[in-house]
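Q: There's a structure below that I have some questions on.
Taken together, the values in this text are just the output of simple stated rules run on the coordinates, not laboratory data. Nothing here was measured: the structure is a model prediction, and the numbers come from that model. Here the Cβ positions follow ideal geometry from the backbone for every residue, glycine too, while neighbour counts run over all protein chains shown.
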Amino acid sequence: MTAKLSHDCRLYLITPPRLDDLAAFGRTLAGALDAGDVAALQIRLKDAPDDVIAAAVEVLGIIARSRDVAVILNDRPDLAAKLGCDGVHVGQSDATCAEARRIMGKDAMIGVTCHDSRHLAMEAAEAGADYVAFGAFFPTTTKEVTARADPEILSIWQETMSLPCVAIGGITAENAAGLAAAGADFLAVSAGVWAHPQGAAAAVQALEAAIAAGMTSR
């Protein structure tokens with residue numbers, strides 16, 4: 001996947017916050033991507049040095065792109081552009097959507113964190129974002145939660161806007177179906193895959209089954 005994100009409900013994987021063994025994680029990632037339909041991989045290494053992020057993009061990017069999975073970098077449009085990523089995801093305290101677009105170019109995918117706010121999402125849409133992300137929907141230890149979103153925001157967004165929406169925050173195979181049913185175009189998952197007791201590949205398969213169950217009730 002190298003162009004715009006589609007509107008089907010699909011998985012969007014986010015790396016763990018640290019990758020102490022990049023080669024080992026690469027093997028885990030390959031197994032996860034081979035286990036099901038994954039649209040995108042966000043490389044999210046908060047506070048890591050640029051050279052560490054660059055190494056991760058190089059190694060993981062090859063694995064992802066060989067499987068038609070978009071490579072998105074968190075926070076850093078400058079580094080994303082330099083490293084040739086397919087897109088960038090920015091938070092409300094990072095670069096603006098307009099700045100990210102200027103740096104990344106017209107063909108890059110720009111995603112924006114919008115917490116539990118349709119107002120922020122509308123602003124992102126007007127600024128030219130390719131998708132908006134709502135959450136957190138469930139408790140998560142992956143990042144500090146500043147807002148809790150209700151699945152209803154996905155339904156309202158789906159009914160009124162054509163721009164894809166991503167659900168994020170504490171998503172697992174046990175709770176994914178409801179978000180797919182509510183209207184999420186993508187489910188962003190981190191610990192729900194990498195910390196799964198049966199392994200990442202099994203997690204992807206379970207998440208796909210949950211998505212399919214949720215989609216039947218839309």
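Q: Projected area of region 10-216, taken from the Cα convex hull and averaged over every viewing direction, in nm²?
A: The orientation-averaged projected area of the Cα hull of region 10-216 comes to 10.3 nm².
Q: Could you list 194, 157 in order of exposure, starting from the residue whose Cβ has the fewest other Cβ atoms within 10 Å? Walk me through the numbers on the way to the answer.
A: On the way: 194 19, 157 24.
Going from sparsest to densest Cβ surroundings: 194, 157.
Q: Apply the Kirkwood formula to region 26-105: the hydrodynamic radius equals the inverse of the mean of 1/r over all pairs of different alpha-carbon atoms; give it in Å with one decimal.
A: Computed over region 26-105, the radius equals 12.9 Å.
Q: Would you mind putting 98-111, 65-78 in packing order, based on average other-beta-carbon counts within 10 Å, highest first?
A: Details: 98-111: 17.9, 65-78: 20.4.
Highest to lowest by the protection proxy: 65-78, 98-111.
Q: Just going by the charge dipole of region 10-216, with Lys and Arg at +1 and Asp and Glu at -1 on Cβ, which of 162, 128, 32 is farthest out on the positive end?
A: Selected residue: 32.
Q: Would region 59-110 count as rounded, prolate or oblate if I go by the C-alpha gyration tensor, calling it rounded below 1.5 in a/c and otherwise prolate when a/b exceeds b/c, oblate otherwise?
A: prolate
Q: So, one more: Under a point spin-label approximation (7 Å from Cα along Cα-to-Cβ), what is the residue 150-residue 22 distance to one decimal in nm?
A: Going by the 7 Å Cα→Cβ label model, 4.5 nm.
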